[in-house]
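Some notes on the structure that comes next.
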Amino acid sequence: MTCIFKCIDELRAAAGTTMGPTDWLTIEQSRVNGFADATDDHQWIHVDVERACQGPFGGTIAHGYLTLSLCSYFLPQLMRVEISGMGINYGLDRVRFPAPVRVGNRIRGKGEIMSVADVTGGIQTVVRVTIEVEGSDRPACVADTISRFMAAGVQGRH
């Protein structure tokens, strides 16, 4: 279920809130290949199905950065901020990849609002997104995402 915040005060009060999990997403070889094409990262552990079967993971795996990029897929499922204005990705803090995502695995996101702080023209959140792999004790990715939500008409620095 998506946590919906209709004003900055609701978001401020939500520090410490846990969210999720989201629905499962199956990682298919076509997604991995598309990411490889977009980033020019065609390492065999990602795209060479036959060779990867003989490799350390027993098959192809998603790029770590592909898994990280899926934070942008899971975050809107975890939370929605409905203030007038805009939201921007401001950056990331700590990012880790404790376990691989094998092609065919299902993953999902969970979140925790770590902090909410005022910034010029709006508010900044740090949400720790944990991407879980079905059947694994270790997550595939843990990342502290930083977002800014700016009031309408404000063009603050970012």
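The values are calculated or read from the model by the stated rules, or taken from the named source; none is laboratory data. Owing to the predicted nature of the structure, the values given are computational and were not obtained by experimental measurement. When we count neighbours, we look across all protein chains shown, and the Cβ atoms used for this are built from the backbone with ideal geometry, even at glycine.
For region 58-79, check the following and say yes or no: at least one residue is under 24 Å from Ile4 (Cβ atoms) and in a strand (DSSP E or B).
yes
Here are the criteria: (1) part of a strand (DSSP E or B); (2) more than 30 Å from Lys6 (Cβ to Cβ); (3) of a type in the set (A, V, I, L, M). Tell me which single one Ala36 does not satisfy.
Failing condition for Ala36: (1).
Name every residue in region 35-44 that is of a type outside the set (D, E, K, R) and loosely packed, with under 14 Cβ neighbours inside 10 Å, in order of residue number. So that I can check it myself, show each step before the final result.
So in region 35-44, the residues of a type outside the set (D, E, K, R) come out as 35-36, 38-39, 42-44.
Residues satisfying the conditions are Ala38, Thr39, His42, Gln43, Trp44.
Tell me, which residue of region 1-17 that is assigned to a loop (DSSP other than H, G, I, E, B) and touching a residue at least 40 places away in the same chain (Cβ under 8 Å) is nearest to the chain's Cα centre (by Cα)? Steps first, answer last, please.
Here is the first cut: in region 1-17, the residues assigned to a loop (DSSP other than H, G, I, E, B) are 1-2, 6-7, 14-17.
From what's left, touching a residue at least 40 places away in the same chain (Cβ under 8 Å): 2, 6-7, 14-17.
Working: Thr2: 15, Lys6: 22, Cys7: 23, Ala14: 19, Ala15: 18, Gly16: 18, Thr17: 17 Å.
The residue in question is Thr2.
Please find, within region 103-142, the residue that is nearest to Thr2 (Cα to Cα) out of those that are of a type in the set (Lys, Arg) and out of contact with any helix residue (DSSP H, G or I) (no Cβ under 9 Å at 6 or more places or on another chain).
Taking the candidates together, the pick is Arg128.
Here are the criteria: (1) under 25 Å from Gly58 (Cβ atoms); (2) touching a Gly at 6+ places or on another chain (Cβ under 8 Å). Tell me which single one Leu78 does not satisfy.
(1)
Determine whether region 85-93 contains at least one residue that is touching a helix residue (DSSP H, G or I) at 6+ places or on another chain (Cβ under 7 Å) and either more than 20 Å from Asp9 (Cβ to Cβ) or surrounded by 13 or more Cβ atoms within 10 Å (Cβ to Cβ) (or both).
Within region 85-93, the first condition is being touching a helix residue (DSSP H, G or I) at 6+ places or on another chain (Cβ under 7 Å), and the residues that meet it are none.
For region 85-93, residues touching a helix residue (DSSP H, G or I) at 6+ places or on another chain (Cβ under 7 Å) and either more than 20 Å from Asp9 (Cβ to Cβ) or surrounded by 13 or more Cβ atoms within 10 Å (Cβ to Cβ) (or both): absent.
Answer yes or no as to whether Val47 is modelled with pLDDT under 95 and surrounded by 18 or more Cβ atoms within 10 Å (Cβ to Cβ). Reasoning before the result, please.
On the way: modelled with pLDDT under 95: no; surrounded by 18 or more Cβ atoms within 10 Å (Cβ to Cβ): yes.
The answer is no for Val47.
Can you work out which of the residues in region 19-34 that are hydroxyl-bearing (Ser, Thr, Tyr) and exposed (fewer than 14 other Cβ atoms within 10 Å of the Cβ) is nearest to the chain's Cα centre (by Cα)? Quick ask: steps written out before the conclusion?
First pass over region 19-34, keeping only residues hydroxyl-bearing (Ser, Thr, Tyr): 22, 26, 30.
Those still in the list that are exposed (fewer than 14 other Cβ atoms within 10 Å of the Cβ) too: 26, 30.
Working: Thr26: 15, Ser30: 19 Å.
Checked region 19-34; the qualifying residue nearest to the chain's Cα centre (by Cα) is Thr26.
Residues are listed down the side, and each one gets a yes or a no for (1) among the acidic types (Asp, Glu); (2) farther than 19 Å from Thr18 by Cα; (3) in contact with an Asp or Glu (Cβ under 8 Å, 6 or more places away or on another chain); (4) not in a loop (DSSP other than H, G, I, E, B):
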position	(1), (2), (3), (4)
Val95	no, no, yes, yes
Pro98	no, yes, no, no
Asp118	yes, yes, no, yes
Val126	no, no, yes, yes
Ile131	no, no, no, yes
Ser136	no, yes, no, no
Pro139	no, no, yes, no
Ser147	no, no, no, yes
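Can you tell me which residue is nearest to Asp118 (Cα to Cα) among those in region 1-57 that are in contact with a helix residue (DSSP H, G or I) (Cβ under 8 Å, 6 or more places away or on another chain) and among the small types (Gly, Ala, Ser)?
Gly20
Go through region 18-33 and count every residue that is part of a loop (DSSP other than H, G, I, E, B) and of a type in the set (Ser, Thr, Tyr).
Going through region 18-33 one residue at a time, the tally reaches 1.
How about region 104-149: which of its residues are of a type in the set (Lys, Arg) and either in contact with a Cys (Cβ under 7 Å, 6 or more places away or on another chain) or farther than 15 Å from Arg94 by Cβ (or both)?
So the first thing to find is which residues in region 104-149 are of a type in the set (Lys, Arg), and the list is 106, 108, 110, 128, 138, 148.
Result: Arg106, Arg108, Lys110, Arg138, Arg148.
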